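First the structure, in the form of structure tokens, and then the observations on it.
The values are calculated or read from the model by the stated rules, or taken from the named source; none is laboratory data. As the structure is a prediction and not an experimental result, all values here were calculated from the model. Neighbour counts run over all protein chains shown; Cβ positions are idealised from the backbone, glycine included.
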């Protein structure tokens, strides 16, 4: 997905991503919340592990990692084709 309007909604300071990234939630809980919002399901253990690795990269801020993971989830067949 490459839509400027969607990008603006995901990156705005007043949006969900900014709020959850600034929260005191653990990384695992952030990953869980993103999966619930995208797929309406909890992530599997392996998905939590992979999601956590996004946050471990030292070059990313917590907010950037949250945005990057959400973009990745939104660009999967599960999100695009889910009924």
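Listed by position, the helices (runs of 4 or more DSSP H) enclosed by the range 6-83 that each have at least 3 residues that are without any contact (Cβ under 8 Å) to a residue 60 or more places away in the chain and either on the phi > 0 side of the Ramachandran plot or surrounded by 15 or more Cβ atoms within 10 Å (Cβ to Cβ) (or both) are 16-22, 27-39, 45-56, 62-74. Every test in (1) touching a helix residue (DSSP H, G or I) at 6+ places or on another chain (Cβ under 8 Å); (2) at pLDDT 95 or above is passed by residue 26 save one, and that test is (1).
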